[in-house]
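Here's the structure, in structure tokens; my notes come after.
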Amino acid sequence: MKVFDTDVLIDALHSKESAGAPLAAAIEGGRAATTVLSAFELLAGAKSRAHRDRVERLLAALAILPLEEVAARRAATVRRQLEGDGTPIGMGDCLIAGICLSASLPLVTRNRAHFGRVRGLAIEPL
């Protein structure tokens with residue numbers, strides 16, 4: 001199973017082959033997931049009915065990982081560590097990282113600048 005970050009899902013929705021092909025292969029193999037935070041970000045950004053429909057179809061094809069207590073605790077640790085290092089990332093990214101860490105799953109993202117600082121987080125290239 002691979003967790004796809006919001007940026008990769010947006011690229012796939014905009015038919016960018018670099019994101020679409022790996023995502024399609026993971027979906028076909030039953031190995032594609034995202035987080036509840038990415039689902040929120042996609043749904044909140046879908047302004048038109050047609051765009052919302054595309055987002056809903058994509059989300060229906062993915063396992064959506066919830067934010068549970070263990071993930072919240074891992075995310076809090078990530079946030080404290082990065083703030084202590086003087087290299088904080090946004091709360092949403094901390095929560096996404098916490099979900100991936102708690103599930104021991106890799107994150108597929110283009111945002112290596114943020115997620116690359118998270119200790120123990122496996123990042124998969126596109």
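Going through region 41-80 one residue at a time, which ones are part of a helix (DSSP H, G or I), within 14 Å of Met91 (Cα to Cα) and either charged (D, E, K, R) or under 14 Å from the mean Cα position of the chain (by Cα) (or both)? Before you say what the answer is, go through the steps one by one.
Of region 41-80, the ones part of a helix (DSSP H, G or I) are 41-45, 49-60, 69-80.
Pick out the ones that are also within 14 Å of Met91 (Cα to Cα) and you get 41, 71-80.
Matches in region 41-80: Glu41, Ala71, Arg73, Arg74, Ala75, Arg79, Arg80.
I need the full set of residues from region 98-120 which are over 10 Å from Val3 (Cβ atoms) and not basic (Lys, Arg), in order please.
Here is the first cut: in region 98-120, the residues over 10 Å from Val3 (Cβ atoms) are 98, 101-102, 104, 110-120.
Selection gives Gly98, Leu101, Ser102, Ser104, Asn111, Ala113, His114, Phe115, Gly116, Val118, Gly120.
Being surrounded by 13 or more Cβ atoms within 10 Å (Cβ to Cβ), touching a residue at least 40 places away in the same chain (Cβ under 8 Å) and not in a helix (DSSP H, G or I): is that true of Val3 here? Working first, answer last.
Numbers: surrounded by 13 or more Cβ atoms within 10 Å (Cβ to Cβ): yes; touching a residue at least 40 places away in the same chain (Cβ under 8 Å): yes; not in a helix (DSSP H, G or I): yes.
The answer is yes for Val3.
Each reported figure results from applying straightforward, stated rules to the coordinates on display, with no laboratory input. Everything numeric in this text was worked out from a predicted model, so none of it was measured. Note that each Cβ is placed from the backbone with ideal geometry, even for glycine, and that neighbours are counted across all protein chains shown.
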